[in-house]
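The next block holds one structure in the form of structure tokens; read it before the comments.
The values are calculated or read from the model by the stated rules, or taken from the named source; none is laboratory data. Computed from a predicted structure; not experimentally measured. Don't worry about glycine lacking a Cβ; one is built from the backbone with ideal geometry, like all the others, and counts go over all protein chains shown. Protein only, heavy atoms only, side chains kept; ligands, DNA and RNA dropped before computing areas. Shrake-Rupley method; radii C 1.70, N 1.55, O 1.52, S 1.80 Å.
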Amino acid sequence: MTEQSPFDLAEGDPFGPHTLPYGVFSTAAAPALRRIGVRYGRHVLDLSALPDAVRPEHADVLAAPTLNPLLAAGRSVWQEVRAAVRTAVTDPAHHSAIAPLLHPLEEVTLHLPFEVADYVDFYASEHHATNVGKIFRPDDAALPPNWKHLPIGYHGRAGTVLVSGTPVVRPNGQRKAPADAVPSYGPSTRLDIEAEVSFVVGTPSALHEPVALGAFRDHVFGVCLLNDWSARDIQAWEYVPLGPFLGKSFATSVSAWITPLDALDHARTAPPARDLPLLPYLDDAAAEPGGIDLRIEVRINDETVSRPPFSTMYWTAAQQLAHMTVNGASLRTGDLFASGTVSGPEPDQLGCLLELTQGKGPYLQDGDEVTLTAWAPGPEGARIGLGEVTGRILPARDASSGA
């Protein structure tokens, strides 16, 4: 084995054998052929062509052009496939057979890794909700009266979930400043980001059957970073009384890599102390720690502007899932639910420009590029990486037809 071997990872590489995130890729030689892969260092391992020696029993789910069949197969299959992949990349006996299946990351095209069924966005950070409440409602309580009793959320638009690297076109819409007599129409002038963490549902649930806190691992396959782009001026005019709509639905960017939930076991942490009692279906006092110690970094045009800590989130993903289904709503394979903006208590831990600038701006300009990255502590001092989310702002399309 030489230093150039793809199996020789740099020290501290966050995409080592403890991470192994899943994605979908194609190559220049076969651009129409989408294949399931796992990231290992700076390479992508083609799982559709694993040799018999490490081929898992349920390898048929790896032959699809999306992750959906694997997601639907359930936790026992997820664990079986993950164990096979780890053996393939860590056991030198398999390296000669595996090496031809490793494609350099810079030579592949990454695609949206799964077909998004439904998309739900929550509002789970107390720091974010408090900061935004003070900006939007300076004369009222920052948090609405229900905030500490249930995870507030809304249903978004699954059809505009975009894979990292897809440009984001500045949206047009109605805007009305408080001093304006009537609304105007045109490109958003207050385009913002929202640094979030999202969860991908694998195993579906039956209609009318709520998913309890303890069943979280049976239904959630993995985790990915998410940027829920937000047009604050459009949002401010439309959101009363029904909440987010066009100000959010134009684009939501996700990572090309889905990190398995099991990869984050060493990053589990207790959520912040709750200062109000919870109803039984949300009470996680006796459950496994529901928080995750993810350290997020937000960069705009290669300049770090914030480092939001996901460990500070008041509501956990398990509580969000339990609340999302408590009314009997069913889960579908490919459902995506996001945490809402991740913000911490410090000025350099805020997950959107609205907070970072106290609502005054500046907001995103055409040509700006936003990148989210994150990592979590893993076993033996390893870092578990989450694939980045990047998007560049393009100018709005001609709005004259809507005038």
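If I filter region 287-339 down to residues being open to solvent by 20 Å² or more (accessible area, probe 1.4 Å) and in contact with a Ser or Thr (Cβ under 6 Å, 6 or more places away or on another chain), which single residue comes out as farthest from residue 249 (Cα to Cα)? For region 287-339, the residue satisfying everything is 289. When residue 401 is tested against (1) in a loop (DSSP other than H, G, I, E, B); (2) at pLDDT below 95, just one condition goes unmet, and that condition is (1).
Residues that are charged (D, E, K, R) and modelled with pLDDT of 95 or more: does region 266-279 have at least one? Yes, region 266-279 contains at least one residue that is charged (D, E, K, R) and modelled with pLDDT of 95 or more. Scanning region 24-39 for residues that are out of contact with any His (no Cβ under 8 Å at 6 or more places or on another chain) and open to solvent by less than 10 Å² (accessible area, probe 1.4 Å) yields 36, 38.
Within the option set 183, 167, 145, 151, being surrounded by 17 or more Cβ atoms within 10 Å (Cβ to Cβ) and at pLDDT 95 or above holds for one residue only, 151. Looking at residue 201, is it more than 21 Å from residue 312 (Cα to Cα), of a type outside the set (Lys, Arg) and open to solvent by less than 10 Å² (accessible area, probe 1.4 Å)? So residue 201 passes the test. Going by the conditions given, is residue 206 exposed (fewer than 14 other Cβ atoms within 10 Å of the Cβ) and in contact with a Ser or Thr (Cβ under 7 Å, 6 or more places away or on another chain)? It is true that residue 206 is exposed (fewer than 14 other Cβ atoms within 10 Å of the Cβ) and in contact with a Ser or Thr (Cβ under 7 Å, 6 or more places away or on another chain). Across region 156-173, the qualifying residues are those that are part of a loop (DSSP other than H, G, I, E, B) and of a type in the set (Ser, Thr, Tyr), and the one among them that is farthest from residue 123 (Cα to Cα) is 166. Residue 204 - would you say it is more than 19 Å from residue 311 (Cα to Cα) and modelled with pLDDT of 95 or more? Yes; evaluated as a whole, the condition is true for this residue.
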